[in-house]
Each structure stands twice: as structure tokens, then as C-alpha cells.
1. Across the stretch 515-572, which residue is farthest from ALA641 (Cα to Cα) among those that are among the β-branched types (Val, Ile, Thr) and touching a Ser or Thr at 6+ places or on another chain (Cβ under 6 Å)?
2. Report the residue count in the stretch 164-176 for those that are modelled with pLDDT of 85 or more and more than 16 Å from ALA187 (Cα to Cα).
3. What pairs come up if the first residue lies in the stretch 695-714 and is within 16 Å of ligand 1 (Cβ to nearest atom), the second is at pLDDT below 90 and hydroxyl-bearing (Ser, Thr, Tyr), and their beta carbons are under 7 Å apart, counting only those six or more places apart or on different chains?
4. Is it the case that GLY403 is surrounded by fewer than 24 Cβ atoms within 10 Å (Cβ to Cβ), of a type in the set (Gly, Ala, Ser) and without any contact (Cβ under 8 Å) to a residue 12 or more places away in the chain?
5. Just need a number here: residues in the stretch 539-557 that are of a type in the set (Lys, Arg) and either within 30 Å of the chain's Cα centre (by Cα) or within 16 Å of ligand 2 (Cβ to nearest atom) (or both).
6. Considering each of ASP406, ASP428 in turn, give the residue that is among the charged types (D, E, K, R), in contact with a helix residue (DSSP H, G or I) (Cβ under 8 Å, 6 or more places away or on another chain) and closer than 28 Å to ARG624 by Cβ.
7. Filter the stretch 688-745 down to the residues that are outside any loop (DSSP other than H, G, I, E, B) and of a type in the set (Asp, Glu), then identify the one that is nearest to the chain's Cα centre (by Cα).
8. Which fully enclosed strands (runs of 3 or more DSSP E) of the stretch 773-838 have 3 or more residues being more than 29 Å from the chain's Cα centre (by Cα) and in contact (Cβ under 8 Å) with a residue 12 or more places away in the chain?
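The values are calculated or read from the model by the stated rules, or taken from the named source; none is laboratory data. Just so we're clear, the structure is a prediction, and the values are computed from it rather than from any experiment. So basically every Cβ, Gly included, is an ideal-geometry build from the backbone, and we count neighbours across all protein chains shown.
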Amino acid sequence: MPTSPTPPRHVRVAVPVPALESLTYRVPPEQPYPVVGARVLVPLGSRVLTGIVVELPDGPPEGGTGHEGESRDDAPARPAPAVAGNEIKPVIDLLDSEPFLPSEIVQLAAWTAEYYACGIGEAMAAAMPPRAWVESERYVRLTDIGRLRQADQRGARRDLLERLTDGRPRRVGQIASQGAGHATLLALAREGLVEITMPLTGSAAAFRTVRVATLTAQGHEIAALDSSNCAGARLGGRQREALALLAGAPDGLDTPVLAQHGIPSATLARLAGLGLVSFARRRLERDPFQTGASTASDNKPAMTLTLEQQAALERLRSIAGAGAYGAALLHGVTGSGKTELYLRLASEIRARGRSVLLLVPEIALTPAVAGQFRTAFGERVAIQHSGLADGERYDQWHRIRRGDVDVVVGTRSAVFAPLRGVGLIVVDEEHDGSYKQEESPRYNGRDLAVVRARQAGALVVLGSATPSLESYQNAVSGRYTLVALERRILDRPLAEVRVVDMREEYAAGGPDVILSRPLREALLTRLERAEQAIVLLNRRGFATAIFCRQCGATLECPNCSISLTVHRAARRARCHYCNYSLAVPKACAACGGAFLEQTGFGTERVEAEVIEACPGARVTRLDRDTIRRRGAMARALAAFARREIDVLVGTQMIAKGHDFPFVTLVGVVSADIGLGLADFRASERTFQLLTQVAGRAGRGDLPGEALIQTIHPGHYSILHACRQDYRTFFSEELSFRQAMRYPPAISLVNVIVKGRSSQQAMQDAGGLVEALRRGGAPYRVLGPAPAPLARLKGEHRAQFFIKGTNRGAMRRALLAVLDARPELKRRTIVDVDPMSVL
Ligand code: ADP
Ligand code: ZN
């Protein structure tokens with residue numbers, strides 16, 4: 001049947017393919033014109049992919065969404081769209097009648113793709129909940145409205161509704177293929193007569209479930225009978241016990257709970273065999289805080305703000321009061337009560353009917369802040385972080401999308417949470433490196449938070465005791481309002497920091513000393529007083545290298561240019577970059593000699609040393625190796641909070657926002673390991689780590705002390721960290737960055753080219769560098785040189801930097817050069833505003 005010709009209708013679609021820009025497709029006449037943010041199925045080569053509509057080159061559909069086959073001859077003249085291939089391919093199916101991603105989020109993701117020079121589909125993917133890309137099966141079912149209005153419908157619409165009257169969900173494909181078609185179905189969905197859902201296919205594992213046993217009707221009868229009755233008497237003691245327990249639980253009991261009561265699953269199975277018990281599965285809504293360390297006491301009386309807090313709140317409130325975009329840097333020393341300010345601001349913003357987004361570096365590592373939000377706002381909080389199973393994350397995402405919550409707490413990707421009416425975004429520990437995603441899209445969640453706040457007309461508060469140079473510079477230059485908290489709550493003194501010069505320790509005790517004499521003494525004193533201590537070394541493992549005393553060879557990773565770390569408990573030598581490992585060898589692979597020596601040390605060794613130095617102490621280690629098991633981290637922190645552990649040994653993960661009032665000593669072993677790295681942020685990172693970890697001591701009524709072991713006692717980042725003097729550190733570090741032309745003095749793009757051989761990588765990088773220099777634009781190109789990690793996961797890597805003040809020009813020039821060499825583009829990593837250049 002010929003339909004009247006309709007003007008072409010196009011959409012631009014982001015598909016999840018690396019480094020690809022959006023593609024143009026045409027919408028067949030029988031399909032409605034989609035809205036921005038809707039998902040579509042589109043062909044790409046031989047594949048069919050889910051994409052997101054990011055732009056409507058033919059203008060928005062009128063009246064919200066277009067109707068089937070409606071002619072749009074009023075559409076304005078349009079420019080010829082960019083095309084995927086030679087002809088414009090059609091959209092295969094429209095998956096949503098409403099935006100799946102709200103348009104603000106589509107905008108934010110598009111901004112991300114542009115700024116960080118990645119494919120738009122990659123950026124959209126970062127904003128999507130798990131499983132949204134997969135074409136899992138969609139189901140349609142009748143809604144209550146649909147049932148009420150069914151009788152008024154005619155023709156295809158009526159037929160379709162009739163096939164759903166039994167209330168059972170049907171597969172969309174099945175319903176749509178039988179006459180009515182997608183258009184009718186989507187129209188009905190828009191009007192709310194049917195509901196289309198996307199269940200998670202084949203992913204029961206995405207949710208944690210538990211088996212629940214309930215009594216059947218017969219079971220109830222038997223349970224009600226006296227045990228002397230012959231029907232009951234045939235049952236064993238355990239079986240009767242199980243019936244009695246279940247009779248008292250109308251909703252049934254979880255099998256693990258029954259097991260705790262001494263009822264094994266075999267007993268339940270036998271009862272089920274007799275028809276007395278039935279089973280069902282119930283989904284566990286796992287609350288991330290259930291097992292979390294409640295490090296802050298839960299029943300705190302409502303506190304009166306200190307004068308300093310009050311003044312800070314006043315200033316933040318006045319910025320928020322304008323109801324327009326505003327940015328503030330809250331620079332508050334450790335223990336100055338920043339969290340309380342976040343909470344008060346959040347409740348004020350909520351009272352004004354706007355929503356709140358709180359970003360934290362890593363929930364497992366900083367449970368306190370997130371936990372307090374949860375306590376304060378209860379059910380209105382959704383949690384978004386990568387530690388959740390897919391199904392849980394999917395659930396939380398949809399709760400936010402539906403508007404069931406108005407507070408979202410999450411890690412960096414939560415900056416894309418589909419929260420409506422955002423009025424406040426808080427970025428806690430804004431300097432933290434985990435806000436930067438180290439894979440494409442390489443965005444910084446903190447910086448996107450600022451972009452999102454500007455978009456939403458919201459207040460963004462960046463909080464830290466040790467702000468990043470970038471943020472402090474923005475505050476100094478007036479782009480952000482600087483709000484400072486200079487004092488700890490109750491005027492508790494900052495920990496007294498002492499430097500231990502390890503050169504003296506080596507002179508006295510030999511080169512193998514790990515714990516200095518002052519640190520040993522301080523640990524023993526804490527144990528006597530029943531106080532707690534934290535010992536930090538930012539390197540895990542037992543020994544950091546194995547070398548042969550006969551031929552001098554060191555044991556390197558075959559895939560990466562890095563030596564293998566010895567993990568004693570696992571008895572393996574492991575690469576911390578690619579995870580390659582082998583059993584710790586007994587002889588040198590190069591010369592066969594049996595004189596292998598282990599050098600360097602990590603947390604595993606420090607743990608052993610602490611145990612040896614402090615007989616009887618309860619010592620626990622926290623690092624990536626010990627927290628592999630889910631919940632291990634939270635359990636250890638909770639035990640530490642309950643004072644069941646005396647000394648906590650760990651990597652930087654124990655330096656973060658924990659609040660343990662009985663910790664009065666912090667020891668830092670090898671404070672300078674970070675300083676040796678060829679990274680322009682090495683000093684900044686060392687300063688932050690030392691200041692933060694020193695801030696863990698003396699947060700209760702007892703004064704704290706920090707001991708910092710170093711062989712560079714005069715280095716400025718160590719000196720200023722000891723005095724906890726941020727401002728002096730900032731000005732010295734800023735002059736270093738200005739002199740060396742590093743951020744924030746200029747903008748930096750780090751480019752890494754991967755190749756099969758080092759020559760290939762260097763040559764290809766050289767070609768790009770030359771092309772960039774020919775551009776003659778206002779930037780400088782440095783390099784290429786072999787990357788500090790010249791080989792990683794079997795690939796050789798060459799590196800160059802682009803430095804300049806016009807980030808946009810730098811990015812455009814680089815993309816132009818890369819687009820001319822698509823094969824090379826695939827092997828190139830572009831990192832705009834890199835956190836680390838290693
Ligand atoms: P920060 O995040 O700045 O390091 P916290 O927010 O963790 O500091 O606050 C440190 C401690 O002080 C916490 O135990 C907190 O409950 C407490 N606290 C905060 N504000 C007050 C106040 N006004 N009065 C009493 N205690 C407070
Ligand atoms: Zn490796």
C-alpha cells in the first residue's frame with residue numbers, strides 16, 4: 001500500500017563504539033519521531049546496536065512526540081546530514097517513547113565526549129545504567145488505566161489490549177508482529193494504557209536472592225496439631241521444630257536464618273517432599289551500609305554548629321540562595337566538621353524542593369560520609385557505585401529516574417545520575433585521584449560536577465583538607481568562592497607531627513630497618529594505653545623485587561617493564577599492572593644460580609614487622625590484596641571501630657576520611673616513595689597523603705601524634721605536610737608548576753601511542769608530533785619519548801605531551817591529526833587533564 005510521501009526524518013544516534021561520533025539514521029514513516037534521550041536499535045555494518053538519540057536534525061517532534069506516519073511538511077529546510085556509510089540507513093526500532101536518558105544527561109555526556117576527545121557513544125555509555133545497551137527482551141503488559149479504558153478503544157488498539165487482558169506480560173516482538181505493530185504499541189505506552197518493561201534476561205545473578213521457606217496449608221494443619229498426634233509423631237524432632245518456627249512466621253523464613261536455628265536444608269527438603277513446606281526466592285535489596293563500618297556514632301545528639309561552621313554555612317547558603325549556578329571550595333582542615341555542613345546544606349536545598357548529589361571518592365573507603373547521608377535522609381537516598389552488583393545498580397538507577405529519591409550518593413559515575421532538579425552538588429575530598437576515570441571516557445567526576453551544576457543552575461561545593469592545585473587556583477582567582485574552616489571541632493589540636501630521619505636509623509641499625517626506634521616505642525606506648533594506631537605504607541606486597549646476587553638479573557614481568565612483587569602469603573611473584581604471576585622461584589632464570597635475594601618491602605612485610613615488634617597486639621592489614629573478598633573492607637573497619645584491632649596496617653586506602661576517635665598514633669613508613677616518580681603531581685600527592693593520614697590521629701578526646709619516616713626530611717612536601725600548612729605548600733608548588741609549565745599553569749594533554757615494537761610506537765608517535773607541529777597553533781608539543789611504563793600488558797608505548805593555554809585548540813588539532821590516521825587512532829590514548837602521566 002503506497003503511503004503519501006513524507007519528508008525525510010533523521011536522527012543522530014550515539015552508538016557504543018570507541019572513538020566514533022554520532023551517526024545519522026532515518027526514521028521510517030511508520031515509526032514515530034523519537035525524542036532526544038530515547039534508545040533506538042540501529043544497524044552498523046553487519047551488527048545491530050542499541051544507541052541513544054542525541055540530536056534531532058529535523059527539529060523536535062511537535063506536541064512532544066510525533067504520531068504514526070504523520071506528515072511533517074512544515075519541517076524547516078535542513079542541511080545534508082552526515083551519514084554512516086553511503087546511504088542513510090533506517091532506525092530498526094524505537095525502544096522508548098520517552099527519554100531514557102534525560103536531556104540534561106545527554107547534554108552532559110555530549111560535553112564529556114567533546115572535552116575529553118572520546119567517542120560520543122563511550123560518553124553516553126558512562127551515563128547509562130548497566131544492561132541498558134543490551135537488547136534484552138522487552139515485555140509489555142496492561143496497566144490499570146489500560147484495563148479501565150480498554151472498552152473505549154477501537155481497531156488495532158483494542159485488539160492489542162485484548163491480547164493482554166489476562167494480565168500476563170507478553171514479549172514485545174510477539175505482540176508487535178501480530179498486526180498492530182510497534183507504532184500502536186508505543187502510542188498506547190505513551191498514553192499509559194500499557195507498560196513496556198525490560199527485565200534483566202538471564203541475569204538472576206545480578207541480584208542477590210535468598211531462598212525462603214513457608215508452610216503450605218497442609219503444613220499449617222500439621223503444625224497446629226499436638227505432637228502426640230500420630231500425623232505429627234511421624235515427623236522427626238528437627239522437622240517438628242522447623243514446622244513450629246515456620247508456623248510463627250507468616251511471611252516465611254530465609255533458609256540461612258533457619259540454618260542458624262539448627263534447621264539444615266536437608267530437613268526442609270524432606271518437609272517439602274511431604275508437601276508441608278514450599279520454597280520461593282526473595283530478592284535481597286542489599287543496603288550498602290548494612291555491613292558498613294558505622295564509624296560515626298549513630299545516635300549523636302543534634303549538634304550546635306561552631307562559630308566557624310556557622311559562618312561557612314552562612315556563606316554557602318547565600319550562594320545557594322541566588323538559585324543560580326555558584327561554585328565554592330570548602331577548604332577545611334581534617335576534623336573541622338565539613339560533613340555536618342554538607343548535611344545542613346542538603347536539607348535546606350531539599351526543603352526548597354530541589355535535589356542533592358553527593359560525590360565521594362570510593363564508598364567502601366569512605367563509608368562515614370555516605371552513611372551519615374543515609375542516616376539523615378533514609379529512604380530518599382539512592383546509592384550509586386561500582387561495588388554494587390549490576391542488578392542493584394540498575395534498580396537504584398531506575399529509582400532515581402522515576403523520581404523516587406531526591407538525594408544521590410555515589411562515586412564518580414554518579415555525576416551522570418538521572419536526578420531531576422539538582423540544586424546542590426557536593427564533591428567530598430575533591431582532590432582525590434579516584435574521581436578521574438583511567439579508561440575511556442577519561443573524565444574527572446569533580447570537573448563534570450562543576451559543568452553539571454552550571455547547566456542546572458545549582459551550587460557546587462568542592463570540599464577538601466588538601467585541595468587540588470587546580471581547585472585552589474580557581475578559588476584564588478575568584479572563579480570559586482573560597483570558604484575556609486581553619487580549626488578542628490572543639491578546638492582539638494591537629495596531630496603533632498614528627499619527622500624521623502631514616503638516614504640516622506640506617507646508621508644505627510643497618511640498611512634493613514623498616515620500623516624506626518621512635519615508631520616502635522610509640523606503638524608500644526599505644527598498646528599499653530589501649531589506644532589504637534594506624535601504620536601506612538603506600539605499596540603492597542612483601543618484597544618489591546627479586547634479584548640474583550650472582551648475575552644481577554631482576555625478575556621482571558614478561559608483559560610489562562616492571563619488576564614483580566613478592567606476595568608471601570600467596571607465595572607468588574606478581575605484576576601489579578597486568579596481574580601476571582608465578583610461584584616465587586628458587587633459582588635465577590638467567591644464570592641458574594640459587595642466590596636470589598628479595599629487596600624492597602610493602603605492607604605485607606610491615607604487617608609482619610609490627611607483629612614482631614608488638615607481641616600480643618591485634619594487627620590487621622588493609623590493602624587491595626586483603627579486601628578482594630566482598631565486604632572484607634567494611635568488616636575490618638567495623639572491627640577497628642569497635643576496638644577489636646589495635647594496629648591497622650595499610651596502603652593509602654586507610655588514609656581517607658575515616659573517623660576513629662581512639663586512634664592516637666599514625667606512623668608513615670617510607671613517606672617519600674611517591675616522590676621518586678616521574679610525575680608532575682608527585683609532590684602534591686605526597687603532601688595530600690601525609691596531611692590526610694596525619695589527620696586520622698587525635699580525632700577524639702585524646703591528642704594524636706604522627707611519625708613520618710623519610711630519607712628526605714627537608715623536602716618541601718614533607719615539611720609542609722608536617723606543619724599541615726596547606727597555603728605555603730600551595731604557593732611553592734604553584735611556582736614549580738609555573739616554572740615547569742604544568743597544570744594548573746597551563747593545560748596538558750597526555751598522548752600515548754601503543755605499538756607492537758618500541759620502534760613502531762616511537763615512529764608513529766613521531767609522525768603525530770610532526771603533524772601537530774606543522775599545525776603551528778598556539779601550543780607546544782613535547783616528545784615523543786618512551787612512556788615511563790614503556791611496556792604494558794605486552795604493548796610498547798611511546799608518549800608525548802601537548803601543552804598550551806587553549807585547550808580547545810589543542811584538542812581540535814590532535815583530533816584532526818588522528819582522524820587522518822584511523823588505524824593509528826585506535827592505538828592511541830588521549831588523556832585530557834591527566835591525573836597521572838605514568
Ligand atoms: P572533616 O570531614 O572536616 O574531616 P568531620 O565532618 O568528619 O570532619 O567532623 C569531625 C567530627 O566532629 C565528627 O565526629 C563530627 O561528628 C564532629 N562534629 C562536626 N561538627 C560538630 C559540632 N558542631 N559539634 C560537635 N561535633 C561536631
Ligand atoms: Zn605485567
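1. If we take residues in the stretch 515-572 being among the β-branched types (Val, Ile, Thr) and touching a Ser or Thr at 6+ places or on another chain (Cβ under 6 Å), then THR554 is farthest from ALA641 (Cα to Cα).
2. First, the residues of the stretch 164-176 that are modelled with pLDDT of 85 or more: 164-165.
Now restrict to residues that are more than 16 Å from ALA187 (Cα to Cα): 165.
Looking only at that region, the number is 1.
3. Pairs that qualify, where the first residue is within 16 Å of ligand 1 (Cβ to nearest atom) and the partner is at pLDDT below 90 and hydroxyl-bearing (Ser, Thr, Tyr), are GLY695/THR334.
4. no
5. 2
6. The match here is ASP428.
7. The initial filter retains those residues of the stretch 688-745 that are outside any loop (DSSP other than H, G, I, E, B), namely 688-694, 705-710, 716-723, 726-740.
Narrowing the set further to residues that are of a type in the set (Asp, Glu) leaves 705, 732-733.
On the way: GLU705: 33, GLU732: 32, GLU733: 29 Å.
Result: GLU733.
8. Numbers: elements: 779-792, 795-804, 828-832.
By residue number, 779-792.
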